[in-house]
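The structure appears right after this line, and notes come after that.
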Amino acid sequence: MVNTISHLGVGLLIALALGFKGKKRWTIAFLSILPDLDFIPHMIFFAVSGILSHTARNQLFYVMGHREFMHSLLFISLVTLFLWFRTKDRLLTAGGFAALIVHFYMDYVTSWKMRPLYPFNTDSSILGAIYFFDPLLNLLPLLPLFIALVDEMKNRGKWQGKFNGFCAYVKRNDDKLYAALIFVLTLWLAVAPIAKVLVVQHISEAEGAEISYQNSYPASTGSFLSAYSFNDTHYRVLETTYWGGIERSTFVEKISVSGDVPDGSLYAAKTDKLYRSGVPRDIDYPVYNVSGNNGSVTVVLNDARNPYVRYWAYFETVYRFVFDEENGEYEVYASVHGEEEEKLADNWFEREIVKLIS
């Protein structure tokens with residue numbers, strides 16, 4: 001996940017490198033942040049989702065959810081085709097496509113899953129090779145943003161006499177400057193996923209287990225958090241770096257039961273089935289904490305890696321399922337990114353599942 005300002009800066013870098021000015025420059029800039037405008041349909045979705053059926057809610061989420069359809073290859077293709085038919089300008093269309101595809105790739109290479117092949121495939125995926133607070137991705141795009149801002153203000157008759165030396169330098173070296181920025185950005189975006197392959201291979205060999213490339217997430221610059229199923233009862237969580245290999249590791253129990261709950265594993269299974277019936281399904285290594293109290297059973301579900309990261313961009317969701325032991329009904333609450341817990345609507349999960357496996 002890259003911030004929108006950085007996406008805008010990269011879009012302007014593309015526009016500057018292509019020599020665009022005025023309306024064409026800002027068209028490319030707009031396209032570079034267009035996918036992030038999915039927060040608008042995302043808000044509309046959550047405003048109306050409570051009145052939908054479970055199936056309709058799931059399908060609409062794929063279309064309107066944040067980092068869903070508007071971060072897919074189909075969306076990029078449709079926007080590119082629209083731009084071509086609207087303008088018949090090959091260079092502008094190429095620049096627009098570049099702005100969209102670079103936005104897609106920068107998000108895909110950082111730390112938030114997407115569904116790039118929707119609607120043909122609803123599986124989520126990610127490269128997860130670069131930390132979302134990565135200094136290069138967040139700071140390098142500020143330079144083209146500043147260049148475009150200065151140029152725009154001077155064209156409007158403002159900032160006259162300011163930044164003249166800077167403008168003169170850029171004008172003398174614009175081709176080399178833009179080429180250098182594009183080269184550095186492209187090199188980093190290409191090398192980081194390859195470097196991650198080497199890290200994952202190393203820790204797989206060290207552990208004697210197959211470590212998931214996709215589910216090894218950047219926990220900070222140069223470090224990753226990985227996990228795998230060690231046995232039937234525990235996960236092994238690993239913290240690794242490029243320079244030190246495996247630096248820390250720990251075991252996390254898959255299912256823990258407290259209190260008098262003789263069917264703790266059954267309630268964990270119910271929770272698992274319910275969770276997998278909804279979206280976005282953002283937990284890779286589920287941990288179930290089961291407890292009983294006064295005729296109800298509570299199952300807290302989160303990811304095994306949650307306690308071992310700070311400033312996590314994805315796996316901070318904690319679900320709390322509360323089952324009534326007598327009639328099998330349940331309620332679900334969720335806390336996202338450390339925010340206050342809220343009750344989820346009944347249509348989040350398939351309620352019939354509980355009856356089928358009781």
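Only one entry of SER49, SER32 meets the criterion of being assigned to a helix (DSSP H, G or I), open to solvent by less than 40 Å² (accessible area, probe 1.4 Å) and at pLDDT 95 or above, and that entry is SER32. When we screen TYR62, TYR105 for residues that are in a helix (DSSP H, G or I) and open to solvent by 30 Å² or more (accessible area, probe 1.4 Å), the only hit is TYR105.
All conditions but one from (1) modelled with pLDDT under 95; (2) in a helix (DSSP H, G or I); (3) over 29 Å from GLU350 (Cβ atoms) apply to THR80; the one that does not is (1). Can you pull out the residues in segment 120-130 that are farther than 19 Å from ILE211 by Cα and either surrounded by 22 or more Cβ atoms within 10 Å (Cβ to Cβ) or in contact with a helix residue (DSSP H, G or I) (Cβ under 7 Å, 6 or more places away or on another chain) (or both)? Matches in segment 120-130: THR122 only. Among the residues of segment 274-285, those identified as closer than 20 Å to THR233 by Cβ and open to solvent by 20 Å² or more (accessible area, probe 1.4 Å) are ASP284, TYR285. Scanning segment 236-270 for residues that are open to solvent by less than 40 Å² (accessible area, probe 1.4 Å) and either among the hydrophobic types (A, V, I, L, M, F, W, C) or under 12 Å from TYR288 (Cα atoms) (or both) gives VAL237, LEU238, VAL252, LYS254, SER256, VAL261, GLY264, TYR267, ALA268, LYS270.
Among the residues of segment 183-196, the ones that are over 14 Å from PRO218 (Cβ atoms) and in contact (Cβ under 8 Å) with a residue 12 or more places away in the chain come to 2 in all. When segment 321-338 is filtered for residues that are in contact with an Asp or Glu (Cβ under 9 Å, 6 or more places away or on another chain) and over 10 Å from VAL297 (Cα atoms), the ones remaining, listed by number, are GLU331, VAL332, TYR333, ALA334, SER335, VAL336, HIS337, GLY338.
The values are calculated or read from the model by the stated rules, or taken from the named source; none is laboratory data. Since the structure is predicted, the reported quantities are computational estimates derived from the model, not experimental observations. Note: ideal-geometry Cβ built from the backbone for every residue, glycine included; neighbour counts use all protein chains shown. Surface areas here come from the heavy atoms of the whole protein model, side chains and all, with no ligands, DNA or RNA. Shrake-Rupley method; radii C 1.70, N 1.55, O 1.52, S 1.80 Å.
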